[in-house]
Amino acid sequence: MPTIKILQKRYHSQINELDFSILLAHAINKPREFLYAHPNFPLSAFAYARLRYFLFHYKRGYSVAAITHHKEFYGLNFYVNKDTLIPRPETELLVEEAIAAIKTPPSRGGSGGCWLIDVGTGSGCIPITIATHLNCHPERSEGSLSQSGADRDSSIAKLPQNDSLKIFATDISKSALRVARKNARIQNVSINFLHGNLLEPFVKQINTATHQHRNTLTIEQLNNQTIIITANLPYLTPIQFEAEPSIQREPRSALVAENSGLALYEKLLQQISHLSPSVISTTRSLRSVQAPEESLAQSAKRTEIPLRGIARPRRPRDLTRNDKLKMIIFFEIDPSQTQKISSLVKTYLPLASIEIKTDLAGRDRVVKINLTLP
Ligand SMILES: C[S@@+](CC[C@H](N)C(=O)[O-])C[C@H]1O[C@@H](n2cnc3c(N)ncnc32)[C@H](O)[C@@H]1O
């Protein structure tokens, strides 16, 4: 059987050197450094067959991550499969910004902590990386869990060690959520994964918890928190998708959206604009936040997709009337979408401030939206 050195020579001109070394190391089940330390190591027949199988798929357009089922993201190793988008280096900017926001007062100040909701979580790379960096590992002792008042129902996130940060993550794809749960287990972090459309399952969870688990997720608790929303939703146009051969093997539903790629972000903004009234609907009179000049029927008509689990549709500006809820929202975008996403934010969250963060290549990549106190 050929040695490492012989194989490196043979494939040198055919395949990217880094990709080849990752595949070869994976075939022999050793770290990449092993290749350089042991150039005369002979492959077993089994390892050689594995390598040829990997190269067969590589030549047919599968990425190294899709073949090895692993991708490094922000220094962590993530399991991936055909049901999830392979984490991209661009997304590390969003993670970096979210970590900075969570660490910076006032999100950690006052009596409250922070709730992070990652929408469209895929492999879970965003919330898992944040949780790992902020030390959100599950409590080891069940006793200390009950003492701290955490819910005993497993459907509610257990209090992490970093107990001022609670983390939720949603996805429309059940298969993607299975991958995300697996990654959370591997990294040993505590995240409440929810299946459904954008923020809907989170709202449902709060409503359920409010009515059935009063000791855990109460409205009062939520009102003292900062809510951080992260989202790397599908944002490519169908034309952009067709034009890029390297992404054809990834799930289209994880990459493409209608309306110039912004349909899902628009829906999410619409949901966010309704979030505050839904949260406070049992503590405030619905009439007190209803705009006098617009009937419920009118506002329902204007609001295309009222969320299930929310009492009534609301005008976007109601959000600013809640003087306790603070939100910081991060969206990853395509650099061409800056103007359009900014005008969507102004439409749905008129009093929010917007910052655009650029990636290492200087391209617009992350939209940061702040809803501050009036
Ligand atoms: C671009 S991928 C990003 C995955 C992951 N956040 C990342 O950064 O690698 C978008 C994810 O959004 C999910 N998604 C698409 N439509 C959704 C919806 N309406 N509600 C929730 N998730 C959705 C897809 O299933 C996919 O996992």
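Read the figures in this text as sums done on the coordinates, not as results from a lab. Bear in mind that the values here come from a model prediction, so they are computed numbers and not experimental data. Neighbour counts run over all protein chains shown; Cβ positions are idealised from the backbone, glycine included.
Annotations
- Here's the picture: a label point sits 7 Å out from the Cα of Lys5 along the beta-carbon direction, and within the stretch 35-52 the residues with their amide nitrogen under 19 Å of it are 35-44.
- Entry for the stretch 4-68 at q = 0.12, 0.22, 0.24 Å⁻¹: log10 I(q)/I(0) = -0.25, -0.89, -1.08, Debye formula applied to identical alpha-carbon scatterers, no solvent contribution.
- Difference of contour (0.36 nm per residue) and Cα-Cα distance, Leu360 to Thr208: 50.5 nm
- Dipole magnitude of the stretch 4-68 about its Cα centre (Cβ charges: Lys, Arg +1; Asp, Glu -1), debye to nearest 20: 200 debye
- Two-site label geometry, Asp19 and Asn135: point separation in nm, points 7 Å out along Cα→Cβ: 4.1 nm
- Around Ile117: net Lys/Arg minus Asp/Glu count, Cβ-Cβ under 13 Å: -1
- Order of His133, His274 - criterion: other Cβ atoms within 10 Å of each residue's Cβ, fewest first: His133, His274
- Placing a pseudo-label 7 Å from each Cα along the Cα-to-Cβ vector at Leu351 and Tyr48 gives an inter-label distance of 7.2 nm.
- Inter-label distance for His12 and His38, nm, one decimal - labels placed 7 Å from Cα along Cα-to-Cβ: 2.3 nm
- Neighbour net charge for Gln248 - beta-carbon separation under 15 angstrom, K R +1, D E -1: +2
- Amide proton proximity set for Phe78, modelled H, under 5 Å, gap of 5+: Lys71, Glu72, Phe73
- Positive minus negative residues near Pro89 (Lys, Arg vs Asp, Glu; Cβ under 12 Å): -3
- When each of Lys166/Lys357; Lys30/Lys82; Lys174/Lys326; Lys9/Lys357; Lys30/Lys368; Lys5/Lys174 is checked by Cα-Cα distance, pairs over 32 Å: Lys9/Lys357; Lys30/Lys368; Lys5/Lys174
- Annotation: for a label point projected 7 angstrom from Cα along Cα→Cβ of Lys103, residues of the stretch 163-183 with backbone N closer than 17 Å are 163-165.
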